[in-house]
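Here the structure is laid out as structure tokens; the discussion comes afterwards.
The values are calculated or read from the model by the stated rules, or taken from the named source; none is laboratory data. This is a predicted model, so every value here is computed, not measured. Every residue, glycine among them, receives a Cβ derived from its backbone with ideal geometry; neighbour counts consider all protein chains shown. Accessible surface areas use protein heavy atoms only, side chains included; no ligands, DNA or RNA. Shrake-Rupley method; radii C 1.70, N 1.55, O 1.52, S 1.80 Å.
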Amino acid sequence: MNTVLQNLLDVFREPSVIVGLIALLGLLLQRKSLSDTIKGTTKAFVGFLVLAAGAGVVSDALTPFGEMFQHAFGVQGVVPNNEAIVGKVLTDYGSQAALIFFFGMVVNVLLARFTRFKFIYMSGHVALYLAAMIAVILIANGFSSWQAVLWGAIAQGLITTLSPALVQPWMRKATKNDNVALGHTGNFGIATSGLVGKLFGNPEKSTEDLKIPKGLGFLRDTTVVIATSMGVIYLLVTLVAGPGYVEDKLSGGQWYLLWAVMQAGKFAAGVFIILAGVRVVLAEIIPAFKGISEKLVPNARPALDVPIVFTFAPNAVLIGFLSSFVGGLIGMGILVAVGGTIIIPGIVAHFMTGAASGVLGNATGGRRGAVLGAMVNGLMITFLPLLVLPYLGDVGLQNSTFSDADFGVSGLLLGGAVHVSHAAVIGLIVCALVAVFVGSALTTRRQAAKEPSTTSEKLPTT
């Protein structure tokens, strides 16, 4: 009996198996054919293994970079990149993260069903990354696996329900409708950009009145941006570290400049592999879950990934990315002056959240709103990751970390609470849950109180 139980535990310790089982459950609930069920389950299982393989490639590229950066500047350099850090996290906490991810989606649907926050978070890849961060913070600070899954799933459900609601006022301005929401872990920074645009911008002067050179079109390709930008970063740090150190300690005698280019390429390749694995996994899980959620939550808005807003202001996409990156460079300069750990601008985060910040900043404040709002986002995703590092246990010692603003805000709340006590974490989550239901009930009551008077005013007199 003990052997059987041990074997079952071994099965559930494998995150790839858990992801496959989640996909299997969704397919069975959808009453898919045997052929579709086998295909979907297998693809989800293999997709997670692809993700893990890509994580290994990214880790191999980042480890020597961290050593080289520390040698060159005498400080620790950390690159905020969700794919890179999640690969490491899922190796150590994959089972718990997968369960938090799944049950967090269930909580999101339940909150959407029974409150006025009718948002279904459909950006499964960043939801998975969020689950990974929650798992790290809770388990690394003393929560058992089952406690981390229970409270982590509730926390994730709350975040993925409230995050789209936070940015929705600016989404309505950008999209000119209220049919779709934004589901991404950069929502806090993107919403801040919309607020900055409203306060300091001029919506009459739009970014779309500008002419962007076609020669900069390559900046809209994520893989190209990662490879070229990381190539520049690797080359600069390699030059500062010197050929002697690189060729003696890191490259095994390979020409140091070629080694730098190859490492940057490996980093980009690893991110590409991870994204491919994530797409395969989510392609099997999300459609089944979406069908279930649509039946349970009528009139819900899908919260979709940031590219959904790119078409509304293409010029603002490029302006937002560049402005956010400048904000990241300014933040890095401040950290260099202060000393200690340095956050190197994470290209993926600045591209995705910076672009969306530009679009929403432009919607509320035109060109000035796009530039200033995205720059504020860039500063936020420089300092917030640094503040969360102490709560990530051994994962925080890696040369990469979580990048987007929602990770920073939720990580600080959970991490700060867990450093007080486990009871403080539970109290924080319960209070947030109660606040959502109370706020929803009060809003419903106020709206109901207005409807009779509105109706009576429209009644014809006799």
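Some values worked out for this structure:
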{"read-out": "Amide hydrogen neighbours beyond the local backbone of residue 400, cut-off 5 Å, H modeled", "value": "79"}
{"read-out": "Solvent exposure of region 314-396 as accessible area per residue, Å², 1.4 Å probe", "value": "28 Å²"}
{"read-out": "Accessible area per residue in Å² at 1.4 Å probe, computed on region 52-129", "value": "31 Å²"}
{"read-out": "For region 227-284: relative contact order, % (alpha-carbon pairs under 8 angstrom, 6 or more apart)", "value": "42 percent"}
{"read-out": "Under 5 Å, built H, 5+ apart or other chain: amide partners of residue 120", "value": "301, 303"}
{"read-out": "Greater than 25 Å apart at Cα, pairs in 88/118; 43/88; 118/450; 118/176; 176/198", "value": "88/118"}
{"read-out": "Pair residue 223, residue 200: separation of 7 Å Cα→Cβ label points (nm)", "value": "3.7 nm"}
{"read-out": "Global form of the chain, assessed from the alpha-carbon gyration tensor, a/c cut-off 1.5", "value": "oblate"}
{"read-out": "Value at 222 nm in deg cm²/dmol, rounded to 500, when DSSP H runs of n ≥ 4 in the chain each add -39,500 (n - 2.57)", "value": "-26500 deg cm²/dmol"}
{"read-out": "Estimated FRET transfer efficiency (residue 279, residue 25; beta-carbon r; R0 30 Å; 0.05)", "value": "0.90"}
{"read-out": "Cα shape, region 94-171, gyration tensor, a/c 1.5 rule", "value": "prolate"}
{"read-out": "Fraction of accessible area attributable to carbon and sulfur, region 272-390 (%, probe 1.4 Å)", "value": "73 percent"}
{"read-out": "The chain: relative contact order as a whole-number percent, Cα under 8 Å and 6+ apart", "value": "25 percent"}
{"read-out": "Whole-percent carbon and sulfur share, accessible surface of region 59-124, 1.4 Å", "value": "55 percent"}
{"read-out": "Mean Kyte hydropathy of 0.0 or more with a Cα span along the axis of at least 30 Å, helices from DSSP in the chain", "value": "34-73, 82-114, 145-175, 256-296, 314-338, 347-388, 422-458"}
{"read-out": "Simple label model, 7 Å out from Cα along Cβ direction - residue 430 to residue 249, nm", "value": "5.1 nm"}
{"read-out": "Gyration tensor (alpha-carbon) shape descriptor, region 268-420, a/c threshold 1.5", "value": "oblate"}
{"read-out": "Simple spin-label estimate for residue 38 and residue 329 in nanometres, 7 Å along Cα-Cβ", "value": "5.6 nm"}
